[in-house]
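Q: Input: one structure, supplied below.
The values are calculated or read from the model by the stated rules, or taken from the named source; none is laboratory data. Computed from a predicted structure; not experimentally measured. We place every Cβ from the backbone using ideal geometry, glycine too, and count neighbours over all the protein chains shown.
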């Protein structure tokens, strides 16, 4: 049996790049940004994927952290479960 060890990731570090732009990094690498467009805080992750629009800066920051956490989840378990289900049906 194999096991997966997950380390605790570095937290996001935030810097205000402009009056309406906040940039996030993790471990020195770009992780995304939040831009206020006058109506909402727009979030894009480190790959340029739109995460969403949020009413407050705090909500936007939490959304980026959640998106980054979801992207780091191991995807190995899904194929293993599919194989197990296929075997069970045979």
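Conditions tested, residue by residue: (1) at pLDDT below 95; (2) within 12 Å of the chain's Cα centre (by Cα).
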residue	(1), (2)
23	no, no
34	no, no
38	no, no
48	yes, yes
61	no, yes
64	no, yes
69	yes, yes
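Q: Looking for whichever is at pLDDT below 95, out of contact with any helix residue (DSSP H, G or I) (no Cβ under 8 Å at 6 or more places or on another chain) and loosely packed, with under 10 Cβ neighbours inside 10 Å here; the options are 82, 86. Which one fits?
A: 86
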